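Just below is one structure, and these are the notes that go with it.
The values are calculated or read from the model by the stated rules, or taken from the named source; none is laboratory data. Keep in mind that what you see is a predicted model, and the values were worked out from it rather than measured. Glycine also receives a Cβ, built like all others from the backbone with ideal geometry; neighbour counts cover every protein chain displayed.
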Amino acid sequence: MRKIILISLFLLIFLGPALAEAKTVYVAQIKGEITPYTYDQFDRYISEAERANANAIIILLDTPGGRADAMQNIIERIKSADVPVITYVYPPGAMAASAGTYIALGSHLIAMAPGTGIGSCRPILGYSQNGSIIEAPPKVVNFY
């Protein structure tokens, strides 16, 4: 009996701090069009999670899409993050369309709430050979 008490005490002393270590997960929300401001939000959220040595950051995403340059910057920031970035398409009825699809695909993990949609990602503007902006044919919404 005394041996069991000593072993238990030993385990509590040396394993206690490891067992008590808190796991921190940050949660941030991105809703609406993807713009350069959205990139600033992403950068701020990820930087804060990195400073706190968080175990992960969950981005609650609901977007119809947006600017390609902002999307690319967000994906690059996710790739350089020192913390896993989880994109969760949320709440039910939300979408990650167009640029949101690429952001989700650029994350370390994607999750979707029931009743959400992802997909239909294609540029809606392009450039002609002389550099002028041209509109692409109408986009077909094909995600449900």
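Looking across segment 97-122, the residues that are part of a strand (DSSP E or B) and under 11 Å from the mean Cα position of the chain (by Cα) come down to L109, I110, A111.
Cβ-Cβ contacts under 8 Å between residues 6 or more apart (or on different chains), taken from a first residue in segment 33-48 that is touching a residue at least 12 places away in the same chain (Cβ under 8 Å) to a second residue that is in a helix (DSSP H, G or I) and polar (S, T, N, Q), are listed as P36/N73; Y39/N73. Considered as a group, the residues in segment 68-94 that are in contact with a Ser or Thr (Cβ under 8 Å, 6 or more places away or on another chain), β-branched (V, I, T) and in a helix (DSSP H, G or I) include one that is surrounded by the fewest Cβ atoms within 10 Å (Cβ to Cβ), and that residue is I78. Which number in (1) modelled with pLDDT of 90 or more; (2) surrounded by fewer than 12 Cβ atoms within 10 Å (Cβ to Cβ) marks the one condition that T101 misses? The number of the failed condition is (2).
One line per residue, one yes/no per condition, for (1) in contact with a helix residue (DSSP H, G or I) (Cβ under 8 Å, 6 or more places away or on another chain); (2) among the charged types (D, E, K, R); (3) farther than 22 Å from G117 by Cα; (4) at pLDDT 95 or above:
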| site | (1), (2), (3), (4) |
| --- | --- |
| I4 | no, no, yes, no |
| L11 | no, no, yes, no |
| K79 | yes, yes, yes, yes |
| V85 | yes, no, no, yes |
